[in-house]
């Protein structure tokens, strides 16, 4: 079965950003690199590389996280969502670009991630929370 790269659906993007915000305090987000999801049969999978401000003030090294999700889009388990956000390394912010390039190479060089600044990520997270929080 072949994999198909599809545009990043807003619901998947929002869910992934909310999962990231659950694992990393939004005020610490320096940048998020969202890769387009891959759909294979009934499953959609996606990955993001996240750079977070260090917990210790004055340190130049950021915490680099990977966020992965797996969403069952069709079939008997339709709607099942699994996501993990894992701290992978402490590194200078410039190293994040190397990590992003590495993920890009593994997925295929034609795959271009969307770079989201910390401010934009916080705004999107806030908007997503407003839409998903019962009034």
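Take the conditions touching a helix residue (DSSP H, G or I) at 6+ places or on another chain (Cβ under 8 Å), surrounded by 13 or more Cβ atoms within 10 Å (Cβ to Cβ), over 18 Å from residue 35 (Cβ atoms) and at pLDDT below 90 and apply them to residue 129. Does it pass? The answer is yes for residue 129.
Quick one: would you say residue 13 is surrounded by 18 or more Cβ atoms within 10 Å (Cβ to Cβ) and within 13 Å of the chain's Cα centre (by Cα)? It is true that residue 13 is surrounded by 18 or more Cβ atoms within 10 Å (Cβ to Cβ) and within 13 Å of the chain's Cα centre (by Cα).
For (1) surrounded by fewer than 13 Cβ atoms within 10 Å (Cβ to Cβ); (2) over 17 Å from residue 14 (Cβ atoms); (3) without any contact (Cβ under 8 Å) to a residue 40 or more places away in the chain; (4) out of contact with any helix residue (DSSP H, G or I) (no Cβ under 9 Å at 6 or more places or on another chain), each residue gets a yes or a no:
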| residue | (1), (2), (3), (4) |
| --- | --- |
| 70 | no, no, yes, yes |
| 76 | yes, yes, yes, yes |
| 79 | yes, no, yes, yes |
| 96 | no, yes, no, yes |
| 116 | no, no, no, no |
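Each row is one residue, and each column tells you yes or no for (1) under 14 Å from residue 16 (Cβ atoms); (2) exposed (fewer than 12 other Cβ atoms within 10 Å of the Cβ); (3) touching a residue at least 40 places away in the same chain (Cβ under 8 Å).
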| site | (1), (2), (3) |
| --- | --- |
| 43 | no, no, no |
| 62 | no, no, no |
| 65 | yes, no, yes |
| 99 | no, no, yes |
| 104 | no, no, yes |
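Quick check, is residue 62 at pLDDT 95 or above, in a strand (DSSP E or B) and either more than 15 Å from residue 94 (Cα to Cα) or touching a helix residue (DSSP H, G or I) at 6+ places or on another chain (Cβ under 7 Å) (or both)? When the stated conditions are applied, residue 62 does not pass them.
Of the residues making up segment 85-94, just one is touching a residue at least 60 places away in the same chain (Cβ under 8 Å) and either part of a strand (DSSP E or B) or exposed (fewer than 13 other Cβ atoms within 10 Å of the Cβ) (or both), namely 85.
To keep it simple, each residue is scored yes or no on (1) touching a strand residue (DSSP E or B) at 6+ places or on another chain (Cβ under 6 Å); (2) at pLDDT 90 or above.
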position: 22; (1), (2): no, yes
position: 30; (1), (2): yes, yes
position: 37; (1), (2): yes, yes
position: 47; (1), (2): yes, yes
position: 58; (1), (2): no, no
position: 66; (1), (2): yes, yes
position: 89; (1), (2): yes, yes
position: 102; (1), (2): no, no
position: 110; (1), (2): no, no
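The values are calculated or read from the model by the stated rules, or taken from the named source; none is laboratory data. In this text the structure is predicted, and so the values were computed from the model without any measurement. With ideal geometry, Cβ positions are generated from the backbone for all residues, glycine too; neighbour counts draw on all protein chains shown.
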